[in-house]
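Structure record follows, encoded as structure tokens.
The values are calculated or read from the model by the stated rules, or taken from the named source; none is laboratory data. Quantities reported herein were computed from a predicted structural model and do not represent experimental measurements. Virtual Cβ from ideal backbone geometry, glycine too; neighbours counted across all protein chains shown. What goes into the accessible areas is simple: the full protein's heavy atoms, side chains included, and nothing from ligands, DNA or RNA. Shrake-Rupley method; radii C 1.70, N 1.55, O 1.52, S 1.80 Å.
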Amino acid sequence: PALAAAAADALTPICRPMWWLDPSDPETFDVDDQFAIGEDVIVAPVVIKGARRRRVYLTVGEWSEWSEEGGSEDGSGGNSRFRGPSWITVDAPLAKLPIFIKVA
């Protein structure tokens with residue numbers, strides 16, 4: 001509810017293109033197969049049939065891959081952290097949607 005209310009107040013979309021996170025980063029303008037939810041979540045669905053890995057672009061900051069198992073307050077489940085801006089390659093089996101949470 002807080003994300004929706006903030007988006008409504010600011011007249012901004014909840015789901016945003018990557019360039020919305022950092023309009024000064026030219027790399028973000030070419031990323032068309034992943035998106036942001038608010039300012040601190042990146043979702044990178046697999047869009048190539050049969051793919052089990054994919055490249056993900058992370059904007060500036062520290063990011064942690066979200067895990068269903070949880071295990072930590074930020075939802076990272078103790079997973080690896082990544083420093084952006086950078087391209088990374090992650091496993092993306094059918095049962096797992098690559099989601100990254102910005103570390104506060």
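What to note about this one:
- For the chain, a crude dipole built from +1 on the beta carbon of Lys and Arg and -1 on the beta carbon of Asp and Glu, taken about the Cα centre, is about 440 debye to the nearest 20.
- Full extension of the segment from Val47 to Ile14, taken as 0.36 nm per residue of separation minus the current Cα-Cα distance, would add 9.8 nm.
- Site pair Asp25 and Asp40 shows an inter-label distance of 1.6 nm when each label is modelled 7 Å from Cα along Cα→Cβ.
- Surface per residue (accessible, 1.4 Å probe) for the chain, Å²: 61 Å²
- Here the accessible area is traced with a 1.4 Å probe on the protein chains. For region 1-71, carbon and sulfur cover 59 percent of it.
- Net charge, Lys96 excluded, C-beta distance under 10 Å - Lys, Arg +1, Asp, Glu -1: -2
- Computed over the chain, the percent of Cα pairs more than 21 Å apart is 35.
- Max mean-square fluctuation residue, GNM over the chain, Cα-Cα springs under 10 Å, options Ile88, Ile14, Ile48: Ile48
- Extending 7 Å from Cα along the Cβ direction at Ser67 and again at Lys96 yields two label points whose distance is 1.0 nm.
- Rel. contact order, % - alpha carbon contacts under 8 angstrom, at least six apart, the chain: 25 percent
- Positive-end residue of Trp87, Ile48, Trp63, charge dipole of the chain with Cβ unit charges: Ile48
- Top of Leu94, Leu11, Leu58 by mean-square fluctuation, Gaussian network on the chain, Cα under 10 Å: Leu11
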